[in-house]
Amino acid sequence: MKFTSILKSPLWGNILALLLGCVFVVALLLTAEGLLHVKVWMNTKPGEGAIHSNLNEIIVSYPRLGYRAKPSAVLKETLTRGGAEIYSCTYHIDQNSNRITPFADSDERTCTALFLGCSFTFGTGVNDDETLPAQFAANAPTYHPVNAGLNSYGLQQVWLQLTDIGFLDKLPFDKGIAVYTFIDHHVDRLVGTPAVLNAWEYPLPWLIEKNGRVEYNGTFASRDPFQFFINRYCRRSHLFRFVENRLRTPAITETISSEMLDFTAFVVMDAARKLQELRPGIQLYMLFFPDCTLADEIKKRLDENLVKSLDYSDLFDAAALPKYRLWYKDSGAAEFGHPKAEAYPIVANQLAKDIPACE
């Protein structure tokens with residue numbers, strides 16, 4: 001009797017009405033999201049729209065770096081866009097989570113050629129022997145290549161690798177070169193723009209300046225948990241973007257400011273100083289990949305005594321090849337995305353000319 005009377009009280013009636021209202025609102029939101037998803041799907045043409053890949057099968061969470069490739073893994077990645085296959089290739093990962101780089105055995109290989117960066121270094125969309133490190137090794141017989149790049153890495157991972165004595169201890173030789181392959185988007189990744197927070201599967205490391213040096217300060221998820229939640233989860237939904245567009249909220253700015261460029265150069269220089277302390281026999285090079293637009297601005301902020309600049313921004317112009325021969329159409333934000341296999345020998349050949357032979 002007492003339980004029945006409680007259920008009949010106005011309080012429980014209000015609570016029940018509130019719960020039913022919440023269920024109705026959730027159902028309404030899910031229906032709207034589903035309808036918008038169907039609308040996008042119906043308007044997608046073959047070879048356009050959503051990109052699907054199985055690359056995450058070899059990506060695992062990892063302290064400080066945020067994530068890394070699964071050690072001793074093999075993956076055949078197939079990437080499709082709008083149902084059409086863009087590329088299919090196979091990746092082999094060694095026990096240190098670096099991509100395996102095939103090269104001819106040679107007693108002359110007595111120096112390390114450490115390659116750092118994102119998917120352009122890793123070689124997304126190409127096989128092991130077609131990557132930049134592999135093509136460089138074919139033209140530079142005195143260097144032992146190490147491919148430590150990975151998809152979606154930024155300058156912060158490069159800094160963390162170059163300042164990690166445990167990472168450096170695994171290099172084949174204590175002398176040689178470290179080549180950081182830079183693309184414009186690394187600036188956005190370093191500072192954690194909203195578009196980056198929205199797109200990245202794992203939170204990127206967060207670096208700050210303190211007392212004239214760079215420090216690791218956790219991840220962007222800890223920098224501003226609420227902003228991270230909004231960009232990481234809410235802004236991915238069709239419904240959120242639909243409402244945002246209709247309300248005409250200010251667009252997410254991707255403008256590169258002078259302060260962002262200053263911090264980018266500052267992090268590169270700090271990594272070079274730390275590398276010089278830990279491995280004085282290894283010279284850091286910053287390779288500005290073809291089609292990079294920020295090379296001039298960043299170069300003037302670097303000390304060439306610590307970091308050697310390799311400006312290949314216009315390198316593909318001399319090749320006189322159509323862009324579709326050099327780039328995949330696998331980007332959700334631009335017409336072209338990752339380099340094809342035909343692009344890497346052009347960069348590697350020039351790199352082998354510009355890097356002195358190991359003595």
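Please tell me if Phe289 is at pLDDT 95 or above, more than 26 Å from Tyr143 (Cβ to Cβ) and within 20 Å of the chain's Cα centre (by Cα). Answer is no for this residue. All conditions but one from (1) assigned to a loop (DSSP other than H, G, I, E, B); (2) without any contact (Cβ under 8 Å) to a residue 40 or more places away in the chain; (3) polar (S, T, N, Q) apply to Thr293; the one that does not is (2). Checked against the criterion of being under 20 Å from the mean Cα position of the chain (by Cα) and touching a residue at least 40 places away in the same chain (Cβ under 8 Å), region 139-147 contains one or more residues that satisfy it. If the condition is being of a type outside the set (Asp, Glu), more than 15 Å from Ala178 (Cβ to Cβ) and surrounded by fewer than 18 Cβ atoms within 10 Å (Cβ to Cβ), then region 280-311 contributes Thr293, Lys299, Lys300, Arg301, Asn305. Condition test on Tyr67, is it in the same structural domain as Trp206 (by TED's automatic domain parsing) and under 27 Å from Asp330 (Cα atoms)? Taking the combined requirement at face value, the residue satisfies it. Looking at the structure I just gave you, is Glu304 among the charged types (D, E, K, R), assigned to a loop (DSSP other than H, G, I, E, B) and assigned by TED's automatic domain parsing to the domain that holds Trp159? Considered against the rule, which asks whether it is among the charged types (D, E, K, R), assigned to a loop (DSSP other than H, G, I, E, B) and assigned by TED's automatic domain parsing to the domain that holds Trp159, Glu304 comes out as yes.
Return yes or no: is Arg325 surrounded by fewer than 19 Cβ atoms within 10 Å (Cβ to Cβ), assigned by TED's automatic domain parsing to the domain that holds Ala341 and outside any helix (DSSP H, G or I)? Answer is no for this residue. Once region 214-236 is narrowed to residues that are at pLDDT 95 or above and in contact with a helix residue (DSSP H, G or I) (Cβ under 9 Å, 6 or more places away or on another chain), the residue that is nearest to Ala272 (Cα to Cα) is Val214.
The residue that is modelled with the lowest pLDDT, counting only those in region 131-149 that are polar (S, T, N, Q) and assigned to a helix (DSSP H, G or I), is Asn139. Residues satisfying the criterion are present in region 122-135 (criterion: under 16 Å from the mean Cα position of the chain (by Cα) and under 24 Å from Trp206 (Cβ atoms)).
The values are calculated or read from the model by the stated rules, or taken from the named source; none is laboratory data. Note that the structure is predicted; figures quoted are calculated from it, not measured. FYI the Cβ positions are ideal-geometry reconstructions off the backbone, even for glycines, and counts take in every protein chain you see.
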